[in-house]
1. With the requirement that a residue be part of a loop (DSSP other than H, G, I, E, B), touching a strand residue (DSSP E or B) at 6+ places or on another chain (Cβ under 8 Å) and within 14 Å of another protein chain (Cβ to nearest Cβ), what does the range B:39-98 give you?
2. For a quick check of your reading of the model, give me the residue pairs whose first member lies in the range A:39-55 and is more than 8 Å from chain B (Cβ to nearest Cβ), whose second is small (Gly, Ala, Ser) and not in a strand (DSSP E or B), with beta-carbon atoms closer than 8 Å and at least 6 apart or on different chains.
3. Scan the range B:2-26 for residues that are more than 12 Å from chain A (Cβ to nearest Cβ) and either among the small types (Gly, Ala, Ser) or without any contact (Cβ under 8 Å) to a residue 40 or more places away in the chain (or both) and jot them down.
4. Determine whether residue A:73 is of a type in the set (Gly, Ala, Ser) and away from chain B (no Cβ under 14 Å).
5. Please state which one of B:49, B:73, B:40 is polar (S, T, N, Q) and either free of Cβ contacts under 8 Å to residues at least 40 places away in the same chain or closer than 20 Å to residue B:93 by Cβ (or both).
6. Taking the criterion of being without any contact (Cβ under 8 Å) to a residue 12 or more places away in the chain, over 30 Å from residue B:9 (Cα atoms) and of a type in the set (A, V, I, L, M, F, W, C), would at least one residue in the range A:27-35 satisfy it?
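Since every read-out is calculated from the coordinates, none of them should be taken as a lab result. Not measured: the values here are computed from a predicted model. Glycine also receives a Cβ, built like all others from the backbone with ideal geometry; neighbour counts cover every protein chain displayed.
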Amino acid sequence: DAGVIQSPRHEVTEMGQEVTLRCKLISGHNSLFWYRQTMMRGLELLIYFNNNVPIDDSGMPEDRFSAKMPNASFSTLKIQPSEPRDSAVYFCASSFPQYFGPGTRLTVL
Amino acid sequence: QKEVEQNSGPLSVPEGAIASLNCTYSDRVSQSFFWYRQYSGKSPELIMSIYSNGDKEDGRFTAQLNKASQYVSLLIRDSQPSDSATYLCAAGRDSNYQLIWGAGTKLIIKP
């Protein structure tokens, strides 16, 4: 959906490097969701925000993952340090029901 | 029991036939249900939502909700090769905006 923009679309990095994924929302949608999708585990909710406030981060795998939403239309998901098992497609989605961005395919070597 | 369950497939259907996709759910989800279609390498796309018992039709798609039996279905009439994709069933969770996802059913429409 053109209303949810993610960058970069592809990221290849080496183990131990910091990775920052970005998401820009349709204006007026006050909920934002970060998902991770792999063949093995399917679609997993990592964290979601409502009105810029993190509501549930129980899906964040470990302390290496952090997410921020500094304003109503922008969010970042950071992985530091990255590991090969973090390789996946990361989606950002907005609103309810959820509309997905195109995703970022992350490969950690 | 998982909160939302789907058969992973693949489900193979000849072109022009009706494709029937099923999803069961537990008591722990709310009464809003959604079907998403995901093409390989693309993001999930919302195609149907259903909130009330019964059928809801949109073009070639019909969603069916049976609360007594706790299942929701998606029927695709006159199926086309372009319908080949993974179909994800999702249910709302009470009191917040989360969706609970099934694992998805891979549908293959054979010409």
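1. Within the range B:39-98, B:39, B:40, B:43, B:44, B:51, B:93, B:96, B:97, B:98 meet the criteria.
2. A:44/A:59; A:46/A:59; A:47/A:59; A:51/A:72; A:52/A:72
3. B:9, B:12, B:16, B:17, B:19, B:20, B:26
4. On the way: of a type in the set (Gly, Ala, Ser): yes; away from chain B (no Cβ under 14 Å): yes.
The answer is yes for residue A:73.
5. Matching residue, one of B:49, B:73, B:40: B:49.
6. Taking every residue of the range A:27-35 in turn, none turns out to be without any contact (Cβ under 8 Å) to a residue 12 or more places away in the chain, over 30 Å from residue B:9 (Cα atoms) and of a type in the set (A, V, I, L, M, F, W, C).
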